[in-house]
1. If you check residue 56 against the conditions, is it touching a Phe, Trp or Tyr at 6+ places or on another chain (Cβ under 7 Å) and surrounded by 13 or more Cβ atoms within 10 Å (Cβ to Cβ)?
2. Could you check segment 1-39 and list, in sequence order, the residues that are of a type in the set (Val, Ile, Thr) and away from ligand 1 (no atom under 15 Å from the Cβ)?
3. Filter segment 25-53 for residues that are touching a residue at least 24 places away in the same chain (Cβ under 8 Å) and more than 21 Å from residue 78 (Cα to Cα); which is surrounded by the fewest Cβ atoms within 10 Å (Cβ to Cβ)?
4. Restricting attention to segment 131-152, and to residues there that are hydrophobic (A, V, I, L, M, F, W, C) and surrounded by fewer than 20 Cβ atoms within 10 Å (Cβ to Cβ), which single residue is farthest from ligand 1 (Cβ to nearest atom)?
5. Looking only at residues that are among the acidic types (Asp, Glu), within 14 Å of the chain's Cα centre (by Cα) and within 14 Å of ligand 1 (Cβ to nearest atom) in segment 162-214, which one is farthest from residue 149 (Cα to Cα)?
6. Quick check on this structure: which one of 202, 171, 188 is under 30 Å from residue 124 (Cα atoms) and in a strand (DSSP E or B)?
7. List the residue pairs whose Cβ atoms are under 7 Å apart, where the first residue sits in segment 208-232 and is farther than 14 Å from residue 169 by Cα, the second is in a strand (DSSP E or B) and within 13 Å of ligand 2 (Cβ to nearest atom), and the two are 6 or more positions apart or on different chains.
8. Could you list, ordered by first residue, the pairs with Cβ atoms under 9 Å in which the first is in segment 83-96 and under 16 Å from residue 59 (Cβ atoms) and the second is of a type in the set (Asp, Glu), at least 6 apart or interchain?
Amino acid sequence: IPTPIIAPSILSADFARLGAECSETIERHGADWLHIDIMDGHFVPNITFGAPVVTAIRSHVERPSNKKGRGTFDCHLMVAEPKRWVKDFQAAGCDLYCFHYEAAINSTAAGSPAGTTDRRTSPRELIRFIHEHSMQAGIALKPETPVDVLWEILENEVEEERPDMVLIMTVNPGFGGQTFMASELPKVRAVRDRYPTLDIEVDGGLGPKTIGQAADAGANVIVAGSAVFGAQDPGEVIRGLREVLVG
Ligand code: DX5
Ligand code: ZN
């Protein structure tokens, strides 16, 4: 069984004191990773922030010494042109670059800004490109996307073209604080049945009430935004989530 990982989403942090919120979440409250939601207003109907903000918070959180250690920056790119931002995020100190399958295969239709050259990007090429930029690669699926699209990507014999993590969204991406969709858990189970050691992340509506189902289905990387940052004692919530996850 892969390592249990709690990754608070800083989307629900206080942006006016983001550096302190990030370092406290890791150092004081005991989180493993920081989940960093990048939204471009094209792929999802909301805008958050880009690489400059990642650079700013990197100076508050020590870079992990091992591949998936504490302080890993898990960047979730909800953007129409995932290939376009790889270099910038590497430079900003991102450790794990997680793009959306739907954006990779359809970057033009998803709304490329005028004058850009990125067109359709195959997931395998993009994964290789991310690896060439010394980051781990994650691939995310929206609720509307069937899990079967993952099989040929995961079965690839070329190691550099295989993802290090799969993210199964348990809400429609775009906003924090939405209701958990248990309907997505069969996807988690299907991936876990085939890949016992792969990192499987779930994101959206996770908290003390829903983590049990996600852990049962086989998720080992838990994103939680409002449940952690909305709590009186974030450390207590993180410890509670971890207990359920460890089992
Ligand atoms: C949703 C984001 C999530 C979000 C989760 O589009 O990808 O990471 O921050 O927030 P909660 O945990 O509040 O659902
Ligand atoms: Zn996210």
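Read-outs throughout are calculated quantities, based only on the coordinates presented, and are distinct from any laboratory measurement. Keep in mind that what you see is a predicted model, and the values were worked out from it rather than measured. With ideal geometry, Cβ positions are generated from the backbone for all residues, glycine too; neighbour counts draw on all protein chains shown.
1. Working: touching a Phe, Trp or Tyr at 6+ places or on another chain (Cβ under 7 Å): no; surrounded by 13 or more Cβ atoms within 10 Å (Cβ to Cβ): yes.
So residue 56 does not fit the description; no.
2. As a first pass, look at segment 1-39 and keep what is of a type in the set (Val, Ile, Thr): 1, 3, 5-6, 10, 25-26, 36, 38.
Across segment 1-39, the qualifying residues are 1, 3, 26.
3. 28
4. Within segment 131-152, the first condition is being hydrophobic (A, V, I, L, M, F, W, C), and the residues that meet it are 135, 137, 139-141, 147, 149-151.
Now restrict to residues that are surrounded by fewer than 20 Cβ atoms within 10 Å (Cβ to Cβ): 147, 149, 151.
Values: 147: 18, 149: 19, 151: 24 Å.
Selected residue: 151.
5. Step one: filter segment 162-214 for residues among the acidic types (Asp, Glu), giving 164, 184, 193, 199, 201, 203.
Restricting the remaining residues to those that are within 14 Å of the chain's Cα centre (by Cα) gives 164, 199, 201, 203.
Retained after the next criterion (residues that are within 14 Å of ligand 1 (Cβ to nearest atom)): 201, 203.
Details: 201: 17, 203: 19 Å.
So, considering only residues that are among the acidic types (Asp, Glu), within 14 Å of the chain's Cα centre (by Cα) and within 14 Å of ligand 1 (Cβ to nearest atom), the one farthest from residue 149 (Cα to Cα) is 203.
6. On the way: 171 fails: in a strand (DSSP E or B); 188 fails: in a strand (DSSP E or B).
Unique residue meeting the criteria: 202.
7. Qualifying pairs under 7 Å: 228/8; 229/8.
8. Within 9 Å, the pairs are 94/74; 94/88; 95/74.
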